[in-house]
């Protein structure tokens with residue numbers, strides 16, 4: 001795990017596992033269907049992912065009711081892969097996409113699924129505890145333009161600065 005991941009996490013204060021005002025986590029969330037690999041399609045840049053491409057997140061259910069989180073990305077400057085491992089826990093009901101995630105206990109941050117392809121679980125829009133953290137995730141390293149536009153429009157309508165979204169490069173299949 002690289003120091004920039006830790007810097008971000010150390011700056012968090014306990015209890016920062018909320019959701020921005022005026023934003024709601026999805027209902028009818030099925031954690032089992034959400035598990036597995038997701039590709040980061042776009043994000044609001046943040047200190048702990050700065051300079052990373054080919055970013056993925058992998059989620060796995062834990063025996064204690066939580067979720068293992070493995071974030072991975074390629075640092076093109078250093079020519080190395082970065083990885084951070086954490087765990088998430090539901091803030092309330094398991095059928096609501098609102099969790100708190102820690103990569104450095106006891107510091108937590110919000111992980112809020114605010115839009116989701118409920119039918120196929122092929123894409124999701126996720127935000128943090130405030131509007132400075134936003135991600136578009138998909139099961140494949142690409143997402144149809146119309147879906148991206150809908151997610152961006154939704155985030156914009158909720159007060160996120162989507163003009164600052166960084167679209168993530170993914171290498172050829174197999175890399």
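Where a number appears in this text, it was derived from the coordinates with a stated rule and is not lab data. Just so you know, these numbers come straight off a predicted model, no measurement behind them. Cβ: placed from backbone, ideal geometry, glycine included. Neighbour counts: every protein chain shown.
Structure notes:
- Calculated FRET efficiency, residue 144 to residue 30, Cβ-Cβ distance, R0 = 25 Å: about 0.65 to the nearest 0.05.
- By the count of neighbouring beta-carbon atoms within 10 Å, fewest first, 109, 129, 157 end up ordered 157, 129, 109.
- Full-stretch length increase - residue 46, residue 95 - with 0.36 nm per residue and alpha-carbon distance subtracted: 14.8 nm
- The ranking of 27, 100, 79 from fewest to most other beta carbons within 10 Å of each one's beta carbon is 79, 27, 100.
- Two-decimal log10 I(q)/I(0) for the range 3-166, as the Debye equation yields it once each C-alpha is a single scatterer, q = 0.08, 0.11 Å⁻¹: -0.21, -0.40
- The chain: relative contact order in percent, alpha carbon pairs under 8 Å with at least 6 residues between: 28 percent
- Kirkwood Rh, Cα atoms: Rg over Rh of the range 54-149: 0.97
- Label point distance in nm, residue 122-residue 76, each placed 7 Å from Cα along Cα→Cβ: 2.7 nm
- Two-site FRET efficiency, residue 154 against residue 61, from Cβ-Cβ distance with R₀ of 30 Å, rounded to 0.05: 0.65
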